[in-house]
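Q: Okay, handing you the structure first.
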Amino acid sequence: MLFTDPRDSSTSPFHRGEHMAQARMGVRDIEHWARKVVRDHMPEQHRDFYTALPFLVMAARDGQGRPWATLVEGPDGFVTAPDTKTLSITALPVRGDALHEAVHPQSDIGILGIELATRRRNRVNGRAGSVTPTGFDFRVDQTFGNCPQYIRERAWTRVESSGPGPTTRGQRLTSDQTRWIETADTFFIASGFREGGDSPNFGMDASHRGGDRGFVKVLDDRRLRFPDYAGNNHFNTIGNLLLDPKAGFLFVDFESGSLLQLTGTASIDWDSDEIAQVPGARRLVTLEIDEIVETRSAVSLRWSSDAESVRSIRLIEKTRESADVTSFVFEARDGGPLVGFEPGQHLPIELEVPGIPEPVRRTYSLSNAPNEHRYRITVKREPNGIASRFLHDHLEPGAIINSRRPAGDFVMTCDRCPLVLVSAGVGVTPMLSILNKVAGERGNRPVWFIHGARDGQHHPLAGEVRDLAARRSGITTHVTYSQPAPEDEIGVDYDSRGRVDGALLAKLIDDASAHYFLCGPVGFMAEIQADLERRGISAEHIHTESFGPAG
């Protein structure tokens, strides 16, 4: 492995442009970490990954030295890995492509392997070895993984194809091309740098960029701009552009397999007032276009259009709420806006747990107000729970995890009806989010917040509930402890001894128009729902949300 000795600057995985970008952004201690993850060979899992892909993103230069990005594809097995330093690729850029006939022995090549359906990606940079009319061998200089920030999940299918469609070239964007770019949520960028000497840090790089639709702006028919968000602090693309501003952009029409390739000169805006107008942007990158190549139906692959965005989020607060419950507050990794949510919805998250080969996926109810531009989940530590133990015991502020869009239909279905929020244990979490909203409403529709806990040590968020209930009239709270401790007798956190059941609800609420929201263990909710229905409460007025160690 090349990059192992932290005392030897000659083995740094970064060239001077990347060092310049890191210094400008105040990045420290990245070198030691990068030496562990940037390799000069492909581990077995990387080889398996590449050989299973239906396409590769490739960056190279044309005969004029201009960088371009493209897709190369082939049937199952079109990529093989005969050893840890080589990929044999039975494919070349198609007729009409900007890189058609541009691959030669010793050509600098950057390859991005990306599996959109699972959001896995890996980058490998090196040079072409032998080249044949049907493909080429690729020799590895550097390989490293990437985080799945902004990759949208897309499943692929293959269609029968007689070859690429027509190609058009130009120097100015057409109205259709402008629309294509401005509705894209994904594009790929080719950049590179090489100077005297022979270093594995030199060469071409293929990189992914993503965001919400419209994150790339067309300024005019010769210029476009995109925001550069926080990433892994390697600054591979930005470092290349500091030393060689030539770049190539690739936009894919995922429904038709068409490719839109651009090449030109990039400039980086580090500190203008315009950056602040793009939430989360650290820089703005503008491309002055030299040439445009559009090829219709260039590849036989098609991808689903209903892609779901995955967002990397950063833990900024960790607060213990009770003996076994802790709250975790997240913001967007890049500081940008987070997708909003309805009170009562949950957040799907993914955790990389040591010793577990696949991401651990869980959903946790959001417990904060929906207008705070943050996500808060409140989690009970389960003795045998993989995810909850990892969150409680190992996740600390600054850590980054992945999340999907908040989801779930456990939400208020009426704006004026009386509400009864009934929970047990950590089932309080979605109720707190709902209470946050109704506490800020105008008017005073009746709201009952009824919660059951074991004792004061196992009663999370009690103070927050009291504060919210005091914000407006019409909110009544009732807390019952099943096993109050002696010290609970001198407190003010519970109102009765026992459990939440149908008899307690009948005693507290006498309003046939009320909607009941129940959250807790399945048995608890089943018993409550049966009692309510026996009292004549319509099933349409009863809403449930269960939880558990894997829920």
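The values are calculated or read from the model by the stated rules, or taken from the named source; none is laboratory data. Given the structure is predicted, the values throughout are model-derived calculations rather than measurements. Every residue, glycine as well, gets a Cβ built from its backbone with ideal geometry; the counts of neighbours run over all protein chains shown.
Q: Which residues, taken from segment 418-436, are assigned to a strand (DSSP E or B) and among the hydroxyl-bearing types (Ser, Thr, Tyr)? Write out each step before concluding.
A: Quick first cut of segment 418-436, residues assigned to a strand (DSSP E or B) only: 419-424.
423 - this is the single residue of segment 418-436 that is assigned to a strand (DSSP E or B) and among the hydroxyl-bearing types (Ser, Thr, Tyr).
Q: Residues that are in a strand (DSSP E or B) and touching a His at 6+ places or on another chain (Cβ under 8 Å): does segment 42-58 have at least one? Walk me through how you get there before you give the answer.
A: Of the residues in segment 42-58, the ones in a strand (DSSP E or B) are 55-58.
Next, from what is left, pick out any that are touching a His at 6+ places or on another chain (Cβ under 8 Å): 57.
Yes: segment 42-58 contains one or more residues that are in a strand (DSSP E or B) and touching a His at 6+ places or on another chain (Cβ under 8 Å).
Q: Okay, next question. Taking the residues in segment 418-438 that are farther than 18 Å from residue 514 by Cβ and of a type outside the set (Ser, Thr, Tyr) as candidates, determine which candidate is surrounded by the most Cβ atoms within 10 Å (Cβ to Cβ).
A: First pass over segment 418-438, keeping only residues farther than 18 Å from residue 514 by Cβ: 424-429, 432-433, 436.
Still in the running and of a type outside the set (Ser, Thr, Tyr): 424-428, 432, 436.
Working: 424: 24, 425: 22, 426: 27, 427: 23, 428: 31, 432: 26, 436: 20.
So, considering only residues that are farther than 18 Å from residue 514 by Cβ and of a type outside the set (Ser, Thr, Tyr), the one surrounded by the most Cβ atoms within 10 Å (Cβ to Cβ) is 428.
Q: Tell me which of these residue 500 doesn't satisfy, since it passes every other one: (1) under 35 Å from the mean Cα position of the chain (by Cα); (2) part of a loop (DSSP other than H, G, I, E, B); (3) hydrophobic (A, V, I, L, M, F, W, C).
A: (1)
Q: Can you tell me which residues in segment 337-374 are in a strand (DSSP E or B), over 21 Å from residue 517 (Cβ atoms) and either polar (S, T, N, Q) or touching a helix residue (DSSP H, G or I) at 6+ places or on another chain (Cβ under 6 Å) (or both)?
A: Residues satisfying the conditions are 351, 360, 362.
So that you can scan it fast, the table gives a plain yes or no per residue for (1) in contact with a Ser or Thr (Cβ under 8 Å, 6 or more places away or on another chain); (2) assigned by TED's automatic domain parsing to the domain that holds residue 76; (3) closer than 28 Å to residue 63 by Cα:
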position	(1), (2), (3)
108	no, yes, yes
116	no, yes, no
132	no, yes, yes
153	yes, yes, no
158	yes, yes, no
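Q: From 81, 117, grab the single residue that is surrounded by fewer than 20 Cβ atoms within 10 Å (Cβ to Cβ), farther than 24 Å from residue 258 by Cβ and among the aliphatic types (A, V, I, L, M). Show your work before the answer.
A: Values: 117 fails: farther than 24 Å from residue 258 by Cβ.
One residue alone meets the criteria, 81.
Q: Let me ask something else about it. Quick one: how many residues across segment 353-372 are surrounded by 13 or more Cβ atoms within 10 Å (Cβ to Cβ) and more than 26 Å from residue 440 (Cβ to Cβ)?
A: Counting residues in segment 353-372 that are surrounded by 13 or more Cβ atoms within 10 Å (Cβ to Cβ) and more than 26 Å from residue 440 (Cβ to Cβ) gives 5.
Q: Follow-up. Collect the residues in segment 53-76 that are free of Cβ contacts under 8 Å to residues at least 60 places away in the same chain and exposed (fewer than 13 other Cβ atoms within 10 Å of the Cβ), keeping them in residue-number order.
A: 63, 64, 75, 76, listed by residue number.
Q: Just name the residue that is surrounded by the fewest Cβ atoms within 10 Å (Cβ to Cβ) out of those in segment 439-449 that are of a type outside the set (S, T, N, Q) and free of Cβ contacts under 8 Å to residues at least 60 places away in the same chain. Break it down stepwise before answering.
A: First, pick out the residues of segment 439-449 that are of a type outside the set (S, T, N, Q): 439-443, 445-449.
If we keep only those that are free of Cβ contacts under 8 Å to residues at least 60 places away in the same chain as well, we get 439, 441-443, 445, 447, 449.
Details: 439: 19, 441: 15, 442: 6, 443: 10, 445: 17, 447: 22, 449: 25.
So, considering only residues that are of a type outside the set (S, T, N, Q) and free of Cβ contacts under 8 Å to residues at least 60 places away in the same chain, the one surrounded by the fewest Cβ atoms within 10 Å (Cβ to Cβ) is 442.
Q: Condition check: assigned to a loop (DSSP other than H, G, I, E, B), in contact with a Cys (Cβ under 8 Å, 6 or more places away or on another chain), touching a residue at least 60 places away in the same chain (Cβ under 8 Å) and not basic (Lys, Arg). Does residue 410 satisfy that?
A: On the way: assigned to a loop (DSSP other than H, G, I, E, B): yes; in contact with a Cys (Cβ under 8 Å, 6 or more places away or on another chain): yes; touching a residue at least 60 places away in the same chain (Cβ under 8 Å): yes; not basic (Lys, Arg): yes.
So residue 410 passes the test.
Q: Criterion first (outside the structural domain of residue 373 (by TED's automatic domain parsing), assigned to a loop (DSSP other than H, G, I, E, B), surrounded by 24 or more Cβ atoms within 10 Å (Cβ to Cβ) and not basic (Lys, Arg)) does residue 460 satisfy it? It would help to see each step written out before you state the result.
A: Details: outside the structural domain of residue 373 (by TED's automatic domain parsing): yes; assigned to a loop (DSSP other than H, G, I, E, B): yes; surrounded by 24 or more Cβ atoms within 10 Å (Cβ to Cβ): yes; not basic (Lys, Arg): yes.
It is true that residue 460 is outside the structural domain of residue 373 (by TED's automatic domain parsing), assigned to a loop (DSSP other than H, G, I, E, B), surrounded by 24 or more Cβ atoms within 10 Å (Cβ to Cβ) and not basic (Lys, Arg).
Q: Keeping to segment 196-216, report how many residues are touching a residue at least 12 places away in the same chain (Cβ under 8 Å), closer than 16 Å to residue 142 by Cβ and not in a strand (DSSP E or B). Spell out how you get there, then give the answer.
A: Taking segment 196-216 first, the residues touching a residue at least 12 places away in the same chain (Cβ under 8 Å) are 199-216.
Add one more test, that the residue is closer than 16 Å to residue 142 by Cβ, and what stays is 199-207.
Subset that is not in a strand (DSSP E or B): 199-202.
The total comes to 4.
Q: Exactly one of (1) free of Cβ contacts under 8 Å to residues at least 60 places away in the same chain; (2) assigned to a strand (DSSP E or B); (3) aromatic (Phe, Trp, Tyr) is unmet by residue 187. Its number?
A: Exception for residue 187: condition (1).
Q: In the set 333, 381, 361, which member is modelled with pLDDT under 90, charged (D, E, K, R) and touching a Ser or Thr at 6+ places or on another chain (Cβ under 9 Å)? Step through it out loud before you land on a result.
A: Working: 381 fails: modelled with pLDDT under 90; 361 fails: touching a Ser or Thr at 6+ places or on another chain (Cβ under 9 Å).
The match here is 333.
Q: Let me ask something additional. Go through segment 458-485 and give me each residue that's among the hydroxyl-bearing types (Ser, Thr, Tyr) and within 35 Å of the chain's Cα centre (by Cα). Talk me through it step by step, then tell me what you get.
A: Our first condition is that a residue be among the hydroxyl-bearing types (Ser, Thr, Tyr); within segment 458-485, this holds for 473, 476-477, 480-482.
Within segment 458-485, no residue meets the criteria.
Q: Looking at (1) under 22 Å from residue 311 (Cβ atoms); (2) part of a strand (DSSP E or B); (3) out of contact with any Phe, Trp or Tyr (no Cβ under 9 Å at 6 or more places or on another chain), which one does residue 227 not meet, given that it meets all the others?
A: With (1) under 22 Å from residue 311 (Cβ atoms); (2) part of a strand (DSSP E or B); (3) out of contact with any Phe, Trp or Tyr (no Cβ under 9 Å at 6 or more places or on another chain) applied to residue 227, the lone miss is (3).
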